[in-house]
Structures are given as C-alpha cells and as structure tokens.
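Peer 1: Questions regarding the structure given below will be posed in turn.
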There are 2 protein chains.
Amino acid sequence: MTKSLARRTFDEDVVLDAAAHVFRKRGYGAATVREVAQAAGMLPGSLHYRYPSKEALLLDLMERALTRVLELGRAAVEHAPDPAERLRLGLRAHLEALLSGDDDFYVLLYDWRSLRGPSMQAVLRLRSRYEAFWDDLLWEAVRSGWARPNLDVELLRQFGIGAMNWVAQWRHESDPRTPAEIADTFWSYLAFGLLAEDKRPGKKTFGQMAKRRKAGPKRPAKGGRK
Amino acid sequence: MTKSLARRTFDEDVVLDAAAHVFRKRGYGAATVREVAQAAGMLPGSLHYRYPSKEALLLDLMERALTRVLELGRAAVEHAPDPAERLRLGLRAHLEALLSGDDDFYVLLYDWRSLRGPSMQAVLRLRSRYEAFWDDLLWEAVRSGWARPNLDVELLRQFGIGAMNWVAQWRHESDPRTPAEIADTFWSYLAFGLLAEDKRPGKKTFGQMAKRRKAGPKRPAKGGRK
DNA sequence: AAGCTTCTTGGTCAAATGACCAAGAGCCTG
DNA sequence: CAGGCTCTTGGTCATTTGACCAAGAAGCTT
C-alpha cells in the first residue's frame, strides 16, 4: 500500500507483525522505529527502505487489521441463514479475532487516533465498511421480526462493538472463559436483556418503559474546572 | 499524592487540567513535558518542581479521574431506592462524566497502560473500587428479583462498562443525542434486550435459551415506540 | 522586617529519536 | 554471466526529549 514497487520480494507480514507487537507493548507514541526494526530482525535502515516513516507503518498495520476482521466476520456469517444466528456468529468472529493473540487489533483499538490527515481518512473509510457489515446484520434481525422494530440500529451497533472491544482490556490469557463463550453470553444479554421473566412488560411498549421515568436531579459535573 | 510537601500553595488542578488536555490531544506517549508546561502557563522547570517525572503527572491524573467518576456515580445513585432506577442513574452518571468534556476520562481510557510498576498498581486498586461499585448495583438488581438470577455479574459489568466507554470513541460534540438519552437507551437495551415481544420465551430459563436457539412462532411484531 | 518556605527562572546535559543515504551485497532473469 | 533489480549495511545528522539545577523572586508567618 505504501510503496508501489514493481516487484517486492520481502515478506511484508513479518515487518507488520513485528510492528504490531512493539506498538501493542509500548504504545505507538512511545515505540521507536529502532525497536520495530530489531523485532523484525533487521537494521533501522532496512526498515526505512520499506516504510518511509513510522506513520506509514501504522497505516499499513491498521489497514491489515480492518481488512482481516471484516473478512473474518463475513466468513463466519456466510452460511447461516437465520438472522439471530448470524448475529451470534458475528459476535463470535469479532471476539475470536480480538482475542486470538493477533496484536493488530489491539493497536487498532488504541492507536488509530495517532494517524493524521489522509492516513486517518483511509482508516475511517475502512472502519465504516466494517460498521456497515454490522448494520446489515442488525437490520436483517429487525426486518425478519426477530428483533423489536423500534431499535436505533446505529446506537445498538456501537453498544455491541463497544462491549466487545472492551474485552481486550480485561480478559487475561488465564481467563477460563473462551472467546466463544463470552460472545454467546453477550449475545444472550443482547437478545433477552436482564429483566426477570415475571417482570417482563405485557402490552406496554419498551420505548415507553425506558423513557417514562422522570428525570432525576441533574447534577452538573462536580469539581469545578475551566 | 506525588509529593508530600508540608504545605503547597499552588493549584494542583490547573496543572492536571493542562496535562489532561495535552495527553488527550497527543496521546501520553507522544506528548512532551514541555507541551504540558506551556499549556499550564509555566516553564518546564516549574513543572518539574511540582512533578518529578512525566509518569507522576499521569498517575495523579488517573487517580483524580477515577476518584471523580466514583464520586459522581455514588452521588447519582444515592437517593434512588429502586435497583432498576439506580442502575439507570449509574449509567447516566458514567456517560455524563465521560462526555462532559473533562479530558481526564479520555486519558484514563487510552493511557492507563502506560503506567508501570507501583503506579499501575495504585490505579488498578482504584479501578477495582469502581468496579465494585457497579457490581453492587448489579447484585442489588438480581437480589431484588428485578433481574434474572442466572447472570454472570462480572461479565455483565464489563459488558456494560465497555459499551459505555466506547461512546467516547464515536460521539461527536455535534451529536444530537444527549449523554442522558444514550444512557437511557443503553439501559433499555440492557433491561429488555432486542427480542421482539412475541418472540419472548415462556417458562424456560434464559440460560437454556441462550444455548438452544430456535425460531419461535411467527406473529407480527407488536409495540412500537416514538 | 526578618526568616523561612514555596515556587520560578533560564538555563544545561546526556541520551534518544525519526529520517536519511552512499555504497555494496544478494539474487533473479535474460 | 552480465546487467539490473531488490534489499542491507553501517553509518550521519539535526532535533527533540526527560530530567535536572543553582540562583533568585514571591509570599506567608511571626
């Protein structure tokens, strides 16, 4: 992506893997190109030959990550016709990618903000492709009648993606829950909610239930600043 | 916290506000102490007098952020007896803090990993206090019978906190949804789930439902909202 | 106003960093 | 096997960075 050499013989992935590892461990801002070069088993000069700048490295890395997660999501969902099942498989694919040990996704989560200008735009374009993938899944679920019709799909998509991405923050290698188990549990929270069976509303719409409580005392942020 | 001078006369918050702003805009790793000093309206030497290192600055910042969000959460929930309502108010408080424009919380979200050793430990201790606050709210909801008894509270807490924190990533200043509205919608997703009313399970436990999905009887969906 | 503490000034310093390059080695193709 | 690629070597270079400090200003207490 960065260079358009007629024919490149080196393995791009080795370098990107090394970069992903270093960026994840140290953070993009604190990482140095020298560290990346060393992790890739080459001298800084060689790395510079491949990537003219640190940011070019980050850009390629993020494009790889976004392309991958989208591919994995599509593949996971491909052969399931049922919208609810597709949703569940999508959650699984996302979490399995995120927790697979692939450093790319961590870097994507933490350091995408470090890109500037056109690089940022390119990543945002890819990101919205992934978001569209999820919106499609959710609309399917609504249209099929499985999900309530009165959902704010965009908000719901962010809700779910946020919950999933956060798993990268708290799950340790030693956690007994597998990614698939977490995904399935999340799916059940999303599908059924927390409410006990005997507390489910009858005819009342959910929307009213959510809104009808009067606003509590609105407390402005405390601890005056600025 | 960092220094234990007998009596300090300067306003700690001015410096931390400046640091928060710079760290948020540039990322902790890429930010420099010089930038922070300038934003605080002082020379680098003066900043060094107050904070011996960049990391000490970050530590104080994170302790302030965590202390604040916990205070805000407790205050929001304080006078509501109903567990469901307490949950909703807790969500509101969290999102209102996060989206209030206070830079602290962004820095907390993105850069807590940059701390090392004892500083990291101190932040983790505070973080688990905040997590315990949420676990209490959730357990109340379960014990009161409002929520299903077969919930993995820890997983659920991470689920919700993740969804909320992600809002910081996507919401722009111009977004018409207020933090409180987002919180209420999230609450309704959490409480009721996505499932259409006529697809709700009968007597079966949700746990079983989560594992054995099948399409229910097809009837037109009822309620709509808005 | 003396005396003490708090904080600022205006620097220094060694180390690190991102970018860069001339020369050469290695390898494929014709 | 010669020519032309691709890639590596082993550096350089101007800046930037975090940390530090001696000396003095400012403010509070008595």
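Peer 1: Under 8 Å for C-alpha pairs, at least 6 residues apart: give me the relative contact order for region B:59-193, rounded to a whole percent.
Peer 2: On the way: 96 pairs, mean separation 47.6, N = 135.
Dividing the mean separation by the residue count of region B:59-193 yields 35 percent.
Peer 1: Continuing with the same structure: Considering only the label points, 7 Å along Cα→Cβ from Cα, what distances in nm to one decimal separate residue A:133 from the same position in each other copy, shortest first?
Peer 2: Inter-copy label distances (nm, one decimal, shortest first): 3.6.
Peer 1: Shifting gears a bit: Using mean Cβ contacts within 10 Å as the protection proxy, how do A:116-126, B:34-44 order, highest first? Don't skip to the end; give the middle numbers.
Peer 2: Details: A:116-126: 13.8, B:34-44: 16.6.
By packing density, highest mean first, the sequence is B:34-44, A:116-126.
Peer 1: Shifting gears a bit: With a 1.4 Å probe, how much accessible area is buried between chains A and B, both sides summed, in Å² to the nearest hundred? Before the final figure, lay out the partial values.
Peer 2: Working: alone 14720 and 14140 Å², together 21700 Å².
Buried area (both sides, nearest 100 Å²): 7200 Å².
Peer 1: Here's a follow-up. Determine the residues within region B:17-50 where the difference in accessible area between the chain on its own and the full set of protein chains amounts to at least 50 Å²; count protein heavy atoms only and use a 1.4 Å probe.
Peer 2: Residues meeting the cut-off: B:17.
Peer 1: Any idea what the residue B:173 label distances to the other copies are, label 7 Å down the Cα→Cβ vector, nm, shortest first?
Peer 2: 4.4
Peer 1: Please give the average number of partner chain Cβ atoms lying within 10 Å of the Cβ of each residue in B:181-189, rounded to a whole number.
Peer 2: Numbers: counts 3, 4, 0, 4, 8, 7, 4, 11, 13.
Counting Cβ atoms of other protein chains within 10 Å of each residue's Cβ and averaging gives 6.
Peer 1: Kindly identify region B:59-193 as rounded, prolate or oblate by the Cα gyration tensor criterion: order the square roots of the eigenvalues as a ≥ b ≥ c, call it rounded if a/c is under 1.5, otherwise compare a/b with b/c, prolate if a/b is larger, else oblate. Can you show the working numbers first?
Peer 2: Details: a/c = 1.87, a/b = 1.30, b/c = 1.44.
In terms of gyration-tensor shape, oblate.
Peer 1: Quick check: at a probe of 1.4 Å, how many percent of the accessible area of region A:55-193 sits on carbon and sulfur atoms?
Peer 2: Roughly 54 percent of what the probe reaches on region A:55-193 is carbon or sulfur.
Peer 1: Between copies, how far does the label point of residue A:25 sit from its twins, in nm, shortest first, when each point is 7 Å from Cα along Cα→Cβ?
Peer 2: For residue A:25, the other copies' label points sit at 3.3 nm, shortest first.
The values are calculated or read from the model by the stated rules, or taken from the named source; none is laboratory data. These figures come from a predicted structure and were not determined experimentally. Because the Cβ atoms are built from the backbone with ideal geometry, glycine has one as well, and the counts that use them run over all protein chains shown. Each accessible area value is taken on the protein alone, full model and side chains, heavy atoms only, with ligands, DNA and RNA left out. Shrake-Rupley method; radii C 1.70, N 1.55, O 1.52, S 1.80 Å.
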